[in-house]
1. Within the stretch 1-33, which residues are buried (at least 19 other Cβ atoms within 10 Å of the Cβ) and among the aliphatic types (A, V, I, L, M)?
2. Count, please, the residues in the stretch 83-106 that happen to be on the phi < 0 side of the Ramachandran plot and either free of Cβ contacts under 8 Å to residues at least 24 places away in the same chain or not in a strand (DSSP E or B) (or both).
3. Which numbered condition trips up Asp109, out of (1) in a helix (DSSP H, G or I); (2) modelled with pLDDT of 80 or more?
4. Across the stretch 1-60, what is the total count of residues that are farther than 19 Å from Gly126 by Cα, among the small types (Gly, Ala, Ser) and within 12 Å of the chain's Cα centre (by Cα)?
5. Mind counting the residues in the stretch 45-87 that are surrounded by fewer than 16 Cβ atoms within 10 Å (Cβ to Cβ), modelled with pLDDT of 95 or more and of a type in the set (A, V, I, L, M, F, W, C)?
6. Tell me the residue from Glu94, Glu130 that is within 17 Å of the chain's Cα centre (by Cα), at pLDDT 90 or above and not hydrophobic (A, V, I, L, M, F, W, C), please.
Amino acid sequence: MILPESFYRGEDVLRIAQELIGKSLFVFSPGGDKLSGRIVEVEAYNGEMDRASHAFGGRRTKRTETMYLPGGHAYTYLCYGVHHLFNVVTGPAETPQTVLIRGIEIEGDESGTLGRGPGKLSKTLGITTETDGWKLDGKWIGIFEHEHEHERGQGQEAFSTPRIGVDYAGEDASLL
């Protein structure tokens, strides 16, 4: 079942990030194939008050405008001119909170490398900046309850670590 808009509209980006673990992200390719993977790693950004967020201090640019949409949209941007990074916009409109999808497990990927890392997962699923602003309604891209949601995490312990690659954010870089 595709996640409803209400799932994304809550104000607690950390809770939403945690609840995304175990869900499945999918994208329809231009040829109509459905590409997907189970979300296994996320990173939350708490909007204007978070020094690691693109919207820190109320920054609004052409790139960040998508973050101000209501929850349930894709925020996809090009990092270092190389990697497309896929984020989920959360919260009500004008509250620029996002969750970066850092890793997915892809069925049949024996090496476990196709979805490891936010740039690699976007490349594997064909996610580019063209998806920026798209609704996560399942028409072209979406997130759904994994069909074995009750088995989520069995045999594996979930844990939190400091964020990755945001050293410039000072003490906010060490937020879990």
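1. Answer for the stretch 1-33, where residues must be buried (at least 19 other Cβ atoms within 10 Å of the Cβ) and among the aliphatic types (A, V, I, L, M): Leu3, Val13, Ile16, Ala17, Leu20, Leu25, Val27.
2. Looking only at the stretch 83-106, we keep the residues that are on the phi < 0 side of the Ramachandran plot, and these are 83-90, 92-93, 95-106.
Still in the list and also either free of Cβ contacts under 8 Å to residues at least 24 places away in the same chain or not in a strand (DSSP E or B) (or both): 92-93, 95-96, 106.
Count: 5.
3. Unmet condition: (1).
4. Narrowing the stretch 1-60 to residues farther than 19 Å from Gly126 by Cα: 1-22, 43-60.
Retained after the next criterion (residues that are among the small types (Gly, Ala, Ser)): 6, 10, 17, 22, 44, 47, 52-53, 55, 57-58.
In the following step, the residues that additionally are within 12 Å of the chain's Cα centre (by Cα) were identified as 17, 44.
Residues flagged as farther than 19 Å from Gly126 by Cα, among the small types (Gly, Ala, Ser) and within 12 Å of the chain's Cα centre (by Cα) within the stretch 1-60 amount to 2.
5. Residues that pass the stated criteria total 1.
6. On the way: Glu94 fails: within 17 Å of the chain's Cα centre (by Cα).
Answer to the check: Glu130.
The values are calculated or read from the model by the stated rules, or taken from the named source; none is laboratory data. Predicted model, so just to flag it, every value in this text is computed and none were measured. Glycine gets a Cβ as well: all are built from the backbone with ideal geometry, and neighbour counts include every protein chain shown.
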